[in-house]
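A.B. asks: Before I ask anything, let me first share the structure, which is written out below as structure tokens.
Read-outs: derived from the displayed coordinates by stated rules, not from any lab. Remember, predicted model here, so these are calculated numbers, not experimental data. For neighbour counting, all protein chains shown are included, and Cβ atoms are generated from backbone atoms with ideal geometry for every residue, glycine included.
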Ligand SMILES: CC(C)(COP(=O)(O)OP(=O)(O)OC[C@H]1O[C@@H](n2cnc3c(N)ncnc32)[C@H](O)[C@@H]1OP(=O)(O)O)[C@@H](O)C(=O)NCCC(=O)NCCS
């Protein structure tokens, strides 16, 4: 029988109690658990000013969260991407990431994110989604663990001339 992907709904999430509940789920699993990030710390991070949160739901159940930071030099930074355990490997992460990218590309040509060097499954996932390594942040969150800075780009911040526009079109994600 053919695999039928679940119907995933992506909506903006502003409710503080629901964001705190999502933070508790995040803190209970890797990479946050391995890095020692508590639910309070996760909640503070995702609720920081200027962040936008988007939740995925499947049949009204919380299935995942994407947090994006839309300010500063690295605006378009995906602060967190999390799929609830029971929903992983079913395409929810891809849907959330594509929704975050669509939001970011409306106002910036770059999407940035960091992934822990030990998080091999997520690194594979991001590469498949078109992300490339842009740098290595040694001992960034916790000593002994590096963060890989990844970027997906549609072109430079300042666009000049037709050639640049064409290059940006070529770099457009599928
Ligand atoms: C990484 C993550 C967001 C991907 O979301 P997802 O819904 O599982 O992904 P999809 O179903 O869209 O795609 C599955 C891919 O994710 C990869 N993946 C990464 N971690 C995974 C996990 N814990 N369980 C299942 N798949 C995982 C799989 O290898 C698969 O890639 P492949 O098809 O090339 O083998 C999700 O698994 C997750 O939340 N993991 C734990 C938290 C995390 O690592 N977040 C990223 C922090 S930077």
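A.B. asks: For residue 20 and residue 71, what is the calculated FRET efficiency with R₀ set at 35 Å and r taken between the beta-carbons, to the nearest 0.05?
C.D. replies: Once rounded, the FRET efficiency stands at 0.95.
A.B. asks: What FRET efficiency comes out for the pair residue 44/residue 160, r = Cβ-Cβ distance, R0 = 25 Å, nearest 0.05?
C.D. replies: With R0 = 25 Å, the Cβ-Cβ based efficiency is 0.05.
A.B. asks: Which FRET efficiency value, to the nearest 0.05, do you get for residue 34 and residue 132 by plugging their Cβ-Cβ distance into 1/(1 + (r/R0)^6) with R0 = 30 Å?
C.D. replies: Working: r = 24 Å, r/R0 = 0.81.
Efficiency computed from Cβ-Cβ geometry: 0.80.
A.B. asks: Could you tell me the center-to-center distance, by alpha carbons, between the range 68-89 and the range 106-159 in angstrom?
C.D. replies: A separation of 11 Å, based on Cα centres.
A.B. asks: Would you calculate, for the chain, the mean residue ellipticity at 222 nm contributed by helices, counting each DSSP H stretch of 4 or more residues as -39,500 (n - 2.57) and dividing by all residues, to the nearest 500?
C.D. replies: Helix contribution divided over all residues of the chain: -9000 deg cm²/dmol.
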